[in-house]
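The values are calculated or read from the model by the stated rules, or taken from the named source; none is laboratory data. Just so it is clear, the model here is predicted, and its values are computed rather than measured. For neighbour counting, all protein chains shown are included, and Cβ atoms are generated from backbone atoms with ideal geometry for every residue, glycine included. The protein model used for the area step is the full one, side chains on, heavy atoms only, and it has no ligands, DNA or RNA in it. Shrake-Rupley method; radii C 1.70, N 1.55, O 1.52, S 1.80 Å.
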Amino acid sequence: MAYNVTLIPGDGIGPEVTEAAKRVLEATGVAFHWDLAYAGMRAQERFGAVLPDYTLESIRKNKVALKGPVTTPVGSGFRSVNVALRKNLDLYACLRPCKTYPGIPSPFKDVDIVVVRENTEDLYSGIEFEKGTPEMARLLELISETTGNAVREDSGVSLKVISEMGSRRIVKFAFDYARAHRRKKVTAVHKANIMKFSDGLFLAVAREVAKDYSDIEFDDVIVDTLCMRLVRKPQRFDVLVLPNLYGDFISELCAGLVGGLGVAPGANLGDDTVVFEPTHGSAPKYTGQNKVNPIAMMLSGVMLLRHLGQTKSADRLEKAIAEVIAEGKSVTYDMKPNIPNAQVVGTSQVADAVIKKLVESSNT
Ligand code: NAD
């Protein structure tokens with residue numbers, strides 16, 4: 001049986017890294033039927049929309065997508081194609097496994113953190129009040145009447161909105177993930193000492209949900225303390241669950257700890273729909289150069305295989321990628337920073353090397 005998967009090549013370096021991931025996924029022997037769809041600049045050029053209806057319909061139908069990074073054209077009317085995609089499909093959880101593999105250029109070893117970021121709320125609510133507008137004047141009045149506080153008249157305001165429902169489903173997601181992947185601990189990240197009614201609500205809900213998962217350890221940490229601890233001893237963390245804004249920063253920080261954007265995979269998930277995509281963007285300046293690292297995209301493919309229940313194939317592919325990294329003979333430029341005249345290869349040659357490992361492993 002072939003799995004129906006929506007394939008979105010994306011923009012910039014997207015088509016190159018997506019092709020590399022598609023090739024290694026097919027080399028595992030798992031059969032796919034790729035439903036090609038477009039988003040971003042290429043979609044705008046071909047179909048006059050950055051997020052065509054067909055793309056959304058395809059993902060809704062197949063429930064699984066592998067997506068390359070996309071460029072949000074300036075003046076498209078969207079703040080971000082990715083935000084629009086996540087809102088349309090209610091992909092409320094962003095999952096970022098951050099793991100070091102031997103051979104990766106990082107000062108840290110044995111890091112294995114999973115960042116679970118809420119995707120829909122918080123300061124990304126999109127509800128904003130512009131300085132000097134009538135709406136802002138009404139808001140200033142309301143704040144003054146209801147709280148007695150005076151906000152400076154020359155202020156702009158962006159609302160941080162955190163709901164009980166949104167908090168409950170993301171914390172539950174983190175615990176369910178921890179249970180399914182034999183993780184030991186979930187840590188809720190917040191700034192509840194200052195933002196009592198938004199982060200405070202998130203923390204209260206997290207504590208309540210944790211009671212239903214007595215098999216998994218739970219603790220919480222203030223986000224600034226977390227930053228300090230992460231750069232000192234990241235190995236002490238397991239699964240982190242965070243509201244949207246902190247999740248944005250901390251997932252980048254953790255990607256940096258384990259080797260950078262070229263090796264950081266990810267997924268955006270709803271209740272029954274998942275879009276697998278790397279952390280990095282479309283890096284337009286490298287378009288068509290066969291230069292960038294496809295490993296983040298390939299590891300997103302490993303996540304896809306696990307999601308489909310193809311555990312053995314996922315393990316084989318992850319092992320093949322790890323071996324290529326460890327050998328260091330067929331890796332891209334970003335894996336050998338600060339080494340003059342380092343021996344590096346291009347995007348498609350990394351895929352060739354991973355496929356060779358897969359073939360060798362099936363022959364033994
Ligand atoms: P970017 O991640 O595209 O690139 C930043 C830099 O990181 C690159 O110049 C390159 O040096 C390095 N880099 C990124 N991916 C790499 C890889 N696979 N291998 C080696 N090096 C890599 O970030 P940006 O320049 O801020 O954004 C460019 C475009 O991508 C923007 O239009 C942005 O909106 C979009 N974007 C899309 C997504 C997505 O689709 N998920 C995510 C982030 C940014």
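What does the highest-first list of 65-71, 124-130 look like by mean Cβ count within 10 Å?
Top to bottom by mean Cβ count within 10 Å: 65-71, 124-130.
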Which loop-located trypsin sites (Lys or Arg not before Pro) does region 204-292 contain, where loop means any DSSP state but H, G, I, E or B and the Cβ has at most 12 other Cβ atoms within 10 Å?
LYS211
Cut-off 12 Å between beta-carbons: net charge of the residues surrounding ALA342, Lys and Arg +1, Asp and Glu -1
+1
Could you work out the helix-only [θ] at 222 nm for the chain, with each DSSP H run of four or more residues adding -39,500 (n - 2.57) and the total divided by the number of residues, to the nearest 500 deg cm²/dmol?
-13500 deg cm²/dmol
Starting from the Cα of ILE222, step 7 Å along the direction of its Cβ; do the same at ASP352; then give the gap between the two resulting points in nm.
5.5 nm
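Taking the Cα centre of region 208-278 as origin, sum charge times position over the Cβ atoms of Lys and Arg (+1) and Asp and Glu (-1), and report the length of that vector in debye to the nearest 20. Walk me through the numbers on the way to the answer.
On the way: 5 positive and 13 negative charges, 107 e Å.
Charge dipole of region 208-278: 520 debye, to the nearest 20.
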Convex hull volume of region 1-121 per residue (C-alpha atoms, cubic angstrom)
151 Å³
Region 310-364 accessible area per residue, 1.4 Å probe, protein heavy atoms, integer Å², reads 55 Å²
Which net charge results for the neighbourhood of PRO134, defined as the other residues with beta-carbon distances under 14 angstrom from its beta-carbon, given Lys and Arg at +1 and Asp and Glu at -1?
-2
Mind pulling the angle between the C-alpha long axis of helix 53-62 and the longest principal axis of the chain? Nearest 10 degrees, somewhere in 0 to 90.
70 degrees
With a 1.4 angstrom probe the carbon and sulfur portion of accessible area for the chain, in percent, totals 52 percent
Would you mind working out the accessible area per residue for region 79-149, using a 1.4 Å probe, and quoting it in Å²?
54 Å²
About the Cα centre, charge dipole magnitude for region 207-364 (Lys/Arg +1, Asp/Glu -1 at Cβ), debye:
760 debye
Which residues' amide hydrogens lie under 5 Å from the amide hydrogen of PHE32, considering only partners 5 or more residues apart or on another chain, with H built in the peptide plane?
TYR3
What angle do you read, to the nearest 10 degrees and between 0 and 90, between the alpha-carbon axis of helix 134-147 and the longest principal axis of the chain?
70 degrees
The chain, dipole about Cα centre (Lys/Arg Cβ +1, Asp/Glu Cβ -1), debye to the nearest 20:
980 debye
Short version: what are the Cα gyration tensor semi-axes of the chain, square root of 5 times each eigenvalue, largest first, in whole Å?
36, 25, 20
Positive dipole terminus of the chain, leading residue within GLY29, ILE13, LEU245 (C-beta point charges)
GLY29
Residue-wise, which Karplus ³J(HN,Hα) couplings in Hz belong to region 18-30, taking 6.51 cos²θ - 1.76 cosθ + 1.60, θ = phi - 60°, and x for glycine or proline?
5, 4, 4, 5, 4, 5, 6, 4, 5, 5, 6, x, 6
So, with points 7 Å from each Cα along the Cβ direction, the VAL359-LYS312 label distance in nm works out to 2.1 nm
In whole Hz, with x marking every Gly and Pro, tabulate ³J(HN,Hα) for region 220-232 from phi via Karplus 6.51 cos²θ - 1.76 cosθ + 1.60, θ = phi - 60°.
9, 8, 6, 4, 5, 5, 4, 4, 5, 5, 5, 7, 8
When ligands, DNA and RNA are left out and all protein chains stay put, how many square angstrom of accessible area per residue does region 196-243 have with a 1.4 Å probe?
53 Å²
